[in-house]
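Colleague: Just dropping this structure here.
The values are calculated or read from the model by the stated rules, or taken from the named source; none is laboratory data. What you see is a predicted model; the values in this text were computed from it and never measured. Cβ placement follows ideal geometry from the backbone for every residue including glycine, while neighbour counts extend to all protein chains displayed. For accessibility, only protein heavy atoms count, side chains too; no ligands or nucleic acids. Shrake-Rupley method; radii C 1.70, N 1.55, O 1.52, S 1.80 Å.
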Amino acid sequence: MSRLILHVDLDAFYASVEQRDHPEWRGRPLVVGAEPGQRGVVATCSYEARRFGVHSAMPIAQAVRRLPPETIYVRPSMARYAKVSQQVMGVLETVSPVVERVSIDEAYLDVSGLTSLVGPPAIIGAQVKARIRQAVGLTASVGIGPNRLIAKLASDVQKPDGLTVVPPEQVGDFLAPMPFTVLRGIGVKTAPRLERLGVKTIGDVRQLPLETLRQHLGARTGIQVYQQARGLADDRIDPARPRQSISRETTFPEDVSDPRILEETLRWAAQEVGSIARQTRHLGRVVTLKIRFHPFETHTRSRTLKVPTADDAALFGAAWSLFAAEPWSGRPVRLIGLGISGWSATDGGVQMDLFETAAPEPCPEHDRLAATLDAIRNRFGADAIQRGLSRRSPG
Amino acid sequence: MDFVANREVFLPALSKVIGVVERRQTLPILGNLLVVAQGETVTLTGSDLEVEVRTEFGANVKEEGETTVPARKLVDICRNLAEGTDVRMRLKDERCVVTAGRGRFSLGYLAAAGFPAMGLEEGGFEFDVEETRLKRMLEKCSFAMAQQDVRYYLNGLFMELRSSLLTAVATDGHRLAKFVVSMDLAIDEPRQVIIPTKTVMELKRQLNVSEDSVRLSVGEKSLRILLGQTAMTSKLVDGRYPDYEQVIPRDLGEVAILDKDALRRSLSRAAILSNEKYRGVRLSFGKGILKLLAHNPEQEEAEEEIEIDYDGEPVSVAFNVAYMMDVLGAVDAEKVEIRFQVDNKSSIWKGEGSEDETFVVMPMRL
């Protein structure tokens, strides 16, 4: 028997949280992302803004040209979004015990066993949406299908506030008219190869023999695309599949070579990442520094810590030492950020090390301080309280 | 090359050199043993370029010569021969032919000239130590050596030679073992070396309880150990060992004295319900009583109590049970003394009255 997989996608998540919390911004175009007049991109924008053709990852300058003057621009406050996301995931767990969170605003649920308990798939989907709205006052789009691919595509069909159910027998008809570029494994490099064969839709892909797909896409992707075109995909939902990493980065309005500004920016990123990690109860070992020089020369450097951490100062310390170890001083930096990964279970205990006392010392006072700072920021905003920084006058 | 030796002489010699031969080699010839027949002796050598073991035994050499043959195959053949069999080994028609009883084995060989022998370093500091004492020293410390740690200098045993003291230290950062032997070394300048983990494990395996003396020759880059007919030559880890004295805490609180076997048994039981991956067990010391507590993600829980000799403040600290068991295994005394600190800092363990040993165990934050 085929499974019943449900995909939930919170609509314009960051923007919706902002509009929820600021009633005066509702019904107006709103952009969460970089500040106008500076560099950087749109992280999320409200549906009112999308009507002007603005979308995520669009350079902010381009968005500003398209949007009317009454548009609201906000910087993201990740800690707040993370908290809302946490609540939503909690709600989803009341629907089904098998929830796999894939990002801050997306999750898959295995609801196979629920039909006899709750009712037909459409009722389950409606229930998910209602519970989310009730708990956090946000809308979500839900897709239900026999596997992850179909569920995900279905949740995209009617946005926002959509609900689409694709029963197994309708999978073929559902996929046939869609552009083949929605399939996993088709990217900017592989798409033109199929377009040259006259392929436009998934229905067209289905006409191609497996051998042709393998020739043009390579063995692995070829088989993958062949199967997807027939609606075959992974239907496993793994609640334990953890998020891979937490990261924050920023694009500077103008290239920066002043180490003090780089340092401050990294401290900010460490604070954001640390805050999300602590709220989601993650302790990581691997700190990654990401840096981009003009125009698009990107580097990443990682360091593995002996003691897993979610501490702002430890994250910053590791990232800054990675920066300092490279001959990058004085080069104009376009983007800088840091991330943490390599999770260590927080419930099993953390082994202390004899020689790593200088590195992140996770003592209770430190944790209490971090928790207090988080609480203040949650209540009064991300900029309400900052760690101090001693600055000697030059010379 | 052509010689005959009895299996009961040949096999013990083979088992001395086979230990250093890696199952996977960077050079094919390192999977072979160097066999040299000369006069009335046969010398066997195995190597992995880091450590080399050479041993010799008496044989009826009909024709002198040398070659290298696949180590494991030769050992497996000899091991499976009947006890007391005479084994003949000779080179014939591009093969190394081993005959024993009614069996005949033709092995491929590689020319002896290609075998990378480790040179003998001149001018090393030489001293003798009783075999039992050296074995005991390694047994006290080797469990704490790091294995393939990025802090490469921890992947070995630190040995310090002073005029009247021989000190061994091993640590992987989570625990540390130190053992001191008083002996007259007659050395002017203290010398410090790091012996690689593999060499230490191999040496420990080969040492017996005996009053025979073992000769150590400590060079700048290598170490040679002579014991009986066997010579082990090892490269040393080129690095600076951390200041271990600094991480051995002084001025600790009250000492708790426990029956070693009682603690060991309680720990084995409590460990059953600890987190399988992290294996943390919490120790709560109160006046006259130690409570052990372990639980796992399934919310199962184990509690144990042991009467102890302790009169200090209540302290609660968690450790990886495997680390505690390693230490208890290295303690000879019947009672063990533990001194610890609050706030997830290190603890000191040793056998009661055993002033020559110190074990430091870092706790876990549970």
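Colleague: Residues with beta-carbon under 12 Å from that of A:V333, excluding A:V333: net charge, scoring Lys, Arg +1 and Asp, Glu -1? Mind dumping the intermediate values first?
Modeller: On the way: positive: A:R39, A:K290, A:R292, A:R331, A:R334; negative: A:E249, A:E254, A:D255, A:D258, A:E263, A:E297, A:E326.
Summing Lys and Arg as +1 and Asp and Glu as -1 gives -2.
Colleague: Convex hull volume of the Cα atoms in chain A, per residue, in Å³? Intermediate values should be presented prior to the final figure.
Modeller: Working: hull volume 73.8 nm³, N = 395.
Taking the convex hull of the Cα positions in chain A, it is 187 Å³ per residue.
Colleague: Before anything else, pin down the relative contact order of chain B: Cα pairs under 8 Å, at least 6 apart, normalised by residue count, whole percent. Can you show the working numbers first?
Modeller: Working: 849 pairs, mean separation 45.9, N = 366.
With pairs under 8 Å counted, the relative contact order is 13 percent.
Colleague: With unit charges on the beta carbons (Lys and Arg positive, Asp and Glu negative) and the dipole taken about the Cα centre of the protein assembly as shown, which residue among B:Q25, B:T132, B:G228 sits farthest to the positive side?
Modeller: B:Q25
Colleague: For a bin width of 10 Å, list the pair-distance distribution of chain B built from all Cα-Cα distances, rounded to whole %.
Modeller: Calculated P(r), rounded to whole percents: 5, 21, 24, 20, 16, 9, 4, 0.
Colleague: For region B:249-258, in order, what is each residue's ³J(HN,Hα) by Karplus, 6.51 cos²θ - 1.76 cosθ + 1.60 with θ = phi - 60°, in whole Hz (x at glycine and Pro)?
Modeller: x, 9, 6, 8, x, 4, 8, 10, 10, 10
Colleague: A further question on this structure: Using the Cα centre of region B:254-364 as origin and beta-carbon charges of +1 (Lys, Arg) and -1 (Asp, Glu), tell me which of B:G351, B:I306, B:A318 is placed farthest towards the positive end of the dipole.
Modeller: The one lying farthest along the dipole's positive direction is B:A318.
Colleague: Ok, one more. Going highest first, how would you order A:292-302, B:307-317 by mean Cβ packing within 10 Å? Let's see the in-between values first.
Modeller: Details: A:292-302: 12.9, B:307-317: 15.2.
The packing order, highest mean first, is B:307-317, A:292-302.
Colleague: Here's another thing I want to ask about it. Quick one: helix B:321-330 against the long Cα principal axis of chain B, what's the angle to the nearest 10°, folded into 0 to 90?
Modeller: 70 degrees
Colleague: If the convex hull of the alpha-carbon atoms of region A:99-227 is projected onto planes in all directions, what is the mean projected area in square nanometres? Please report the intermediate quantities before stating the final value.
Modeller: On the way: hull surface 35.9 nm².
Averaged projected area of region A:99-227's Cα convex hull equals 9.0 nm².
Colleague: How large is the convex hull of the C-alpha atoms of the protein assembly as shown per residue, in Å³?
Modeller: 270 Å³
Colleague: Which whole number gives the average count of other chain Cβ atoms within 10 Å of the Cβ atoms across peptide B:273-282? Don't skip to the answer; put the middle values down first.
Modeller: Working: counts 0, 2, 4, 1, 3, 7, 3, 4, 1, 1.
Whole-number average of other-chain Cβ neighbours for B:273-282 is 3.
Colleague: Counting only the heavy atoms of the protein chains, how much of A:L232 is accessible to a 1.4 Å probe, in Å² to the nearest 10?
Modeller: 100 Å²
Colleague: Let's see if you can work this out: charge +1 on each Lys and Arg Cβ, -1 on each Asp and Glu Cβ, no other charges. What is the dipole magnitude of the protein assembly as shown about its Cα centre, in debye to the nearest 20? Kindly include the intermediate steps, with their values, before the conclusion.
Modeller: Details: 97 positive and 102 negative charges, 753 e Å.
So the dipole magnitude of the protein assembly as shown works out to roughly 3620 debye.
Colleague: Same structure, new question: What ranking, highest mean first, results for peptides A:165-171, A:309-315 when packing means the other Cβ atoms within 10 Å averaged over each residue? It would help to have the intermediate numbers written out before the result.
Modeller: Details: A:165-171: 16.4, A:309-315: 24.3.
So the peptides A:165-171, A:309-315, ranked by packing, come out A:309-315, A:165-171.
Colleague: I've got another one for you. Rounded to the nearest 10 Å², what accessible area does A:H55 have for a 1.4 Å probe in the complete protein model?
Modeller: It works out to around 100 Å².
Colleague: Which part of region A:165-180 falls in the paramagnetic zone of A:T212, meaning amide N under 15 Å from the point 7 Å along Cα-to-beta-carbon?
Modeller: Zone members listed by number: A:180.
Colleague: Can you tell me which of A:D374, A:D255, A:D105 moves the most in a GNM of chain A? Springs connect C-alpha atoms under 10 Å apart.
Modeller: A:D255
Colleague: Within region B:99-135, which trypsin sites (Lys or Arg not before Pro) sit in a loop by DSSP and count at most 11 neighbouring Cβ atoms inside 10 Å? If you can, show how the numbers build up before the last one.
Modeller: Values: sites: B:R102, B:R104, B:R133, B:K135; in loops: B:R102.
Taking region B:99-135 and a limit of 11 other Cβ atoms within 10 Å, the loop trypsin sites (Lys or Arg not before Pro) found are B:R102.
Colleague: Still on this structure, please answer the following. Can you pull the accessible area of A:W320 for me, 1.4 Å probe, Å² to the nearest 10?
Modeller: 60 Å²
Colleague: Of A:S321, B:S210, which has the most accessible area and how do the rest follow, probe 1.4 Å? Before the final figure, lay out the partial values.
Modeller: Working: A:S321 50, B:S210 25 Å².
Highest to lowest solvent-accessible surface, that is A:S321, B:S210.
Colleague: Going from most exposed to least, what order do B:M89, B:M118 have by accessible area with a 1.4 Å probe? Please report the intermediate quantities before stating the final value.
Modeller: Numbers: B:M89 0, B:M118 35 Å².
Correct descending sequence by accessible area is B:M118, B:M89.
Colleague: Here is a further query. Once you've got the GNM for chain B with C-alpha springs shorter than 10 Å, pick whichever of B:K277, B:K140, B:K73 has the biggest mean-square fluctuation.
Modeller: Sorting by GNM fluctuation, first place goes to B:K277.
Colleague: Cut-off under 23 Å on the C-alpha distance; same-chain residues fewer than 8 positions from B:K16 excluded. Which lysines are left, in chain and number order?
Modeller: B:K73, B:K135, B:K140, B:K198, B:K204, B:K235
Colleague: Run the simple label-point estimate for B:A117 and B:K221 please: 7 Å along Cα→C-beta, distance reported in nm.
Modeller: Spacing of the two 7 Å Cα→Cβ label points: 1.8 nm.
Colleague: Would you work out if region B:175-230 is rounded, prolate or oblate? Take a ≥ b ≥ c from the square roots of the eigenvalues of the alpha-carbon gyration tensor; rounded if a/c is under 1.5, else prolate when a/b is larger than b/c, oblate otherwise.
Modeller: rounded
Colleague: About its Cα centre, how strong a charge dipole does chain B have in debye, to the nearest 20, once Lys and Arg get +1 and Asp and Glu get -1 at the Cβ? Don't skip to the end; give the middle numbers.
Modeller: Numbers: 47 positive and 60 negative charges, 288 e Å.
Magnitude of the dipole: close to 1380 debye.
Colleague: Still on this model: Tell me whether region B:2-114 comes out rounded, prolate or oblate; compute the Cα gyration tensor, take square roots of the eigenvalues as a ≥ b ≥ c, and use a/c under 1.5 as the rounded threshold.
Modeller: Rounded.
Colleague: Suppose R0 equals 35 Å; then what is the FRET efficiency for B:N208 and B:T85 from their Cβ-Cβ distance, rounded to the nearest 0.05? Intermediate values should be presented prior to the final figure.
Modeller: Working: r = 26 Å, r/R0 = 0.73.
Efficiency, rounded to the nearest 0.05: 0.85.
Colleague: On a 0 to 90° scale, report how tilted helix B:197-206 is relative to the longest principal axis of chain B, with both axes built from alpha carbons and the result rounded to the nearest 10.
Modeller: It works out to around 70 degrees.
Colleague: Same structure, new question: Calculate the spin-label point distance for A:R20 paired with B:V97, positioning each point 7 Å from the Cα along the beta-carbon direction, and give it in nanometres.
Modeller: Simple spin-label model gives 8.7 nm for this pair.
Colleague: Okay, moving on. I want to verify the translational diffusion coefficient of region A:223-328 in µm²/s; compute it with Stokes-Einstein, Rh as the Kirkwood radius over Cα pairs, at 25 °C and 0.890 mPa s.
Modeller: On the way: Rh = 16.1 Å.
Once the numbers are plugged in, D ends up at 153 µm²/s.
Colleague: In addition: Within chain A, how many Lys pairs sit with Cα atoms under 22 Å apart, leaving out pairs fewer than 8 places apart on the same chain?
Modeller: On the way: A:K83/A:K129; A:K129/A:K152; A:K129/A:K159; A:K152/A:K200; A:K189/A:K200; A:K290/A:K306.
Final tally of qualifying lysine pairs is 6.
Colleague: A follow-up question, please. Give me the inter-chain shielding for B:359-365: mean count of other chain Cβ atoms within 10 Å, whole number please. Write down the numbers at each step before the final one.
Modeller: On the way: counts 0, 1, 2, 7, 4, 5, 9.
Whole-number average of other-chain Cβ neighbours for B:359-365 is 4.
Colleague: Using the Cα centre as the reference, give the magnitude of the dipole from point charges on the C-beta atoms of region B:100-166 (Lys, Arg: +1; Asp, Glu: -1; all else neutral), rounded to the nearest 20 debye.
Modeller: Numbers: 8 positive and 9 negative charges, 98 e Å.
My answer is approximately 480 debye.
Colleague: Contour minus end-to-end for A:K189 and A:R133, with contour as 0.36 nm per residue of separation and end-to-end as the Cα-Cα distance?
Modeller: Working: separation 56, 0.36 × 56 = 20.16 nm, distance 3.99 nm.
16.2 nm is the gain from fully extending A:K189 to A:R133.
Colleague: In chain A, if the dipole is taken from +1 on Lys/Arg beta carbons and -1 on Asp/Glu beta carbons about the Cα centre, which of A:G349, A:P253, A:I104 is farthest to the positive end?
Modeller: Of the options given, the answer is A:P253.
Colleague: Tilt of helix B:131-141 relative to the longest C-alpha principal axis of chain B, in degrees (0 to 90, nearest 10)?
Modeller: That works out to roughly 50 degrees.
Colleague: Kirkwood Rh, Cα Rg: Rg to Rh for region B:125-246? Show your work: numbers first, answer last.
Modeller: On the way: Rg = 13.3 Å, Rh = 14.3 Å.
Reported Rg/Rh (Cα atoms, Kirkwood Rh): 0.93.
Colleague: How high is the relative contact order of chain A? Use alpha-carbon pairs under 8 Å, at least six apart in sequence, and give a whole percent.
Modeller: Averaging sequence separation for qualifying contacts and normalising by length gives 14 percent for chain A.
Colleague: Here is a follow-up. If B:R175, B:R162, B:R282 are ordered by their accessible area, calculated over protein heavy atoms with a 1.4 Å probe, which sequence runs from highest to lowest?
Modeller: Values: B:R175 20, B:R162 100, B:R282 65 Å².
So the residues, ranked largest to smallest area, are B:R162, B:R282, B:R175.
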